[in-house]
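Worksheet: the structure to be examined is printed underneath.
Every read-out reported here was derived from the displayed coordinates using simple, explicitly stated rules and does not represent laboratory data. The structure displayed is predicted, hence computed values, not measured ones. Cβ coordinates were reconstructed from backbone atoms using ideal geometry, including for glycine residues, and neighbour counts include every protein chain displayed.
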Amino acid sequence: MDYAKFLYETNKKASATKAKAKQSQQKELRFGPSVGEGDLKSYIKRAKEFIGEGNRVKITVKMKGRENQYPQIATDKIKYMANELVELAKLDGEPKRNGSQIIGFFIKK
């Protein structure tokens, strides 16, 4: 058997299996701590779509100016989303503060 032909066949099989595998991506949703109830519902709906496709969802609550004095409001928004997404996804760890942002990750159950 020709060794070059053997390498070609194994590479072809490997690329075929790689093409069939779905790559999971990370999707991000950003909003401020003063986002309204209706907008938050639309973000939840969009997060459900992303999680249904098998993607990981990153929620970023960006605080500006005096909003930085009240990080609990931003954390409450992420926990509210966690309660709404409880049947599809779970919060991967606690929400973390990164400068003027509070970040939470949701992964499929």
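Assorted remarks:
- Among 20-29, 76-85, the peptide with the highest mean count of other Cβ atoms within 10 Å heads the list, and the full ranking is 76-85, 20-29.
- Summary value for region 56-109: 49 percent relative contact order, contacts being C-alpha pairs under 8 angstrom separated by 6+ residues.
- Checking [x] -0.59, -0.77, -0.91; [y] -0.62, -0.88, -1.03; [z] -0.49, -0.70, -0.84 against log10 I(q)/I(0) by the Debye sum over Cα atoms at q = 0.14, 0.17, 0.19 Å⁻¹ calculated from these atoms, the matching label is [x].
- The chain: angle of helix 71-84 to the longest principal axis, Cα-based, in degrees nearest 10: 60
- Its DSSP H runs of at least 4 residues, each contributing -39,500 (n - 2.57), put the calculated 222 nm mean residue ellipticity of the chain at -14500 deg cm²/dmol, to the nearest 500.
- Over 18 Å between alpha carbons, listed pairs Lys62/Lys90; Lys22/Lys45; Lys18/Lys48; Lys27/Lys109; Lys27/Lys48; Lys48/Lys96: Lys62/Lys90; Lys22/Lys45; Lys18/Lys48; Lys48/Lys96
- Protection proxy ranking, peptides 53-62, 8-17, 96-105, average beta carbon neighbours within 10 Å, highest first: 53-62, 96-105, 8-17
- Here the chain is assigned +1 on the Cβ of each Lys and Arg and -1 on the Cβ of each Asp and Glu. Its dipole about the Cα centre then comes out at about 240 debye.
- Within region 14-46: backbone nitrogen closer than 12 Å to the Asp92 label point (7 Å, Cα to C-beta): 24-28
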